[in-house]
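Below: the structure, in structure tokens.
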Amino acid sequence: MTAQFPATIRYEIVHTTVYSYSAPVTFGEHRVMFRPRDSHDLRVLATDLQVSPDAIVRLIQDPHSNSVALVQPLGLATELRIVCSFTIEHANTNNLELPLSPGAEFYPFAYSVDERFDLEHYLRPHFDDPRGELTAWARQFISTDGPTGTREMLVQMNQHIRNRFAYASRDEEGTQPPLTTLKLGTGTCRDFALLMMEAGRRLNVATRFVSGYLYDPSLDSSADLSNAGLSPDQNQSQGQSQSTFNTVGAGATHAWLQAYLPGAGWVPFDPTNNLLGGNQLIRVGVARDPSLAAPISGSWYGEAGAYLGMTATVQVHRVGPGG
């Protein structure tokens, strides 16, 4: 029997990060997690990493098999610039069509002994819920009128966050605790991903954090689409059919989550945009906690107060069908 693979789309991604200083500083090692994660639905065709000032670069895999560049800038500088470029092929995947194992179709379900052993760190909540507020919020998606479909429960939670919470960008590093997101009713993509992750874990569903990029067709210029052999209308119609509104989170790194469902494996959920797979979500790294999937982390040494700030831009362009 020959496996049938969905058609692929080719994208070019350029991720630029610039740190600025008022006086020359030296740099410690920086941990850079930018390279998209290869899999059956995503293939990296070309990569390029440019660092200024000159740097020693080592490529490793972390405990989650994410590709990480260890960058050691050399010499003094008033600016650290890191530019990562990639060309990838991404297949459209409709995760709503993936069948679950019979024993996992309805909630509650139980993982096998082997699955629980491997999923232990993804099942354990990382934040306290002293008054049970997060647990109560999560349990509202369990049907009281009959059997609760496991996938349907998570789809409803994903939709609820998109419809009931307000997106608010935040420049500060880090992720706000789930109870804070519940209280404020606002957050960033990483806040919404963490909220759904922790809610899922309290329902005994294994979840993990995903960092990456989001393709928004509306950000592709007419010239870019023409070079790809597409009109703007064609680009919109061939994109993610679930996205009937402007996506949120493009132009920067994006975050969502995956839930492990027996039979279907790791299934993506983007509560910021109510996306369920497709080809707009481009994985870079996965982790049990958002702090372990930061795009860049590192240190610098110099005059106190020399740090002026950081700017980061992400450009994701569709350049045509895959090979």
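The values are calculated or read from the model by the stated rules, or taken from the named source; none is laboratory data. A quick note: this is a predicted structure, and the numbers were derived from the prediction, not measured. Cβ: placed from backbone, ideal geometry, glycine included. Neighbour counts: every protein chain shown.
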**Prompt:** Here are PHE165, PHE141: which of them is among the aromatic types (Phe, Trp, Tyr), modelled with pLDDT of 95 or more and either farther than 30 Å from ALA294 by Cα or out of contact with any helix residue (DSSP H, G or I) (no Cβ under 9 Å at 6 or more places or on another chain) (or both)?
**Reply:** PHE141
**Message:** So for segment 111-129 (the condition being free of Cβ contacts under 8 Å to residues at least 24 places away in the same chain and assigned to a loop (DSSP other than H, G, I, E, B)), does at least one residue qualify?
**Reply:** yes
**Request:** Any chance you could count how many residues in segment 182-208 are in contact with an Asp or Glu (Cβ under 7 Å, 6 or more places away or on another chain) and either buried (at least 24 other Cβ atoms within 10 Å of the Cβ) or modelled with pLDDT under 95 (or both)?
**Result:** 0
**Message:** loosely packed, with under 15 Cβ neighbours inside 10 Å, in contact with a strand residue (DSSP E or B) (Cβ under 8 Å, 6 or more places away or on another chain) and part of a strand (DSSP E or B): which single residue out of LEU45, LEU49 fits that description?
**Reply:** LEU45
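Listed here are the residues, each with its yes/no results for (1) of a type outside the set (Ser, Thr, Tyr); (2) at pLDDT 95 or above; (3) within 27 Å of HIS317 (Cβ to Cβ); (4) not in a strand (DSSP E or B).
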position	(1), (2), (3), (4)
VAL71	yes, yes, yes, no
GLY75	yes, no, no, yes
ARG81	yes, yes, yes, no
GLY103	yes, yes, no, yes
**Prompt:** Got at least one residue in segment 296-303 being touching a strand residue (DSSP E or B) at 6+ places or on another chain (Cβ under 6 Å), among the aromatic types (Phe, Trp, Tyr) and within 25 Å of ARG208 (Cα to Cα)?
**Reply:** no
**Prompt:** Is there a residue being part of a loop (DSSP other than H, G, I, E, B), among the hydrophobic types (A, V, I, L, M, F, W, C) and at pLDDT below 75 anywhere in segment 260-267?
**Reply:** no
**Request:** Output the residues belonging to segment 98-114 that are surrounded by fewer than 16 Cβ atoms within 10 Å (Cβ to Cβ) and not hydrophobic (A, V, I, L, M, F, W, C).
**Result:** PRO99, SER101, PRO102, GLY103, PRO108, SER112, ASP114
**Prompt:** Only one residue in ARG37, ARG58 is in contact with a Gly (Cβ under 8 Å, 6 or more places away or on another chain), more than 20 Å from GLY309 (Cα to Cα) and not in a helix (DSSP H, G or I), so which one is that?
**Reply:** ARG37
**Message:** Quick check on segment 167-183. Is at least one of its residues closer than 19 Å to PRO108 by Cα, in a helix (DSSP H, G or I), in contact (Cβ under 8 Å) with a residue 12 or more places away in the chain and among the polar types (S, T, N, Q)?
**Reply:** no
**Complete:** Scanning segment 121-154 for residues that are basic (Lys, Arg) and under 13 Å from GLY200 (Cβ atoms) gives ARG124, ARG139, ARG151
**Message:** Which numbered condition in (1) at pLDDT 95 or above; (2) hydroxyl-bearing (Ser, Thr, Tyr); (3) closer than 17 Å to GLN258 by Cβ is the only one that THR93 fails?
**Reply:** (1)
**Prompt:** Just to be sure, is VAL25 under 20 Å from the mean Cα position of the chain (by Cα), modelled with pLDDT of 95 or more and crowded, with 19+ Cβ neighbours inside 10 Å?
**Reply:** no
**Request:** Could you please tell me which pairs satisfy a Cβ distance under 9 Å, a separation of 6+ or placement on different chains, a first residue in segment 86-101 that is in contact (Cβ under 8 Å) with a residue 40 or more places away in the chain and more than 17 Å from PHE269 (Cβ to Cβ), and a second residue that is among the acidic types (Asp, Glu) and surrounded by 14 or more Cβ atoms within 10 Å (Cβ to Cβ)?
**Result:** PHE86/GLU12; THR87/GLU12; ILE88/GLU12; HIS90/ASP41; ALA91/ASP41; PRO99/GLU105
**Message:** Whether any residue in segment 53-67 is over 30 Å from PRO217 (Cβ atoms), small (Gly, Ala, Ser) and surrounded by 14 or more Cβ atoms within 10 Å (Cβ to Cβ) is what I want to check.
**Reply:** yes
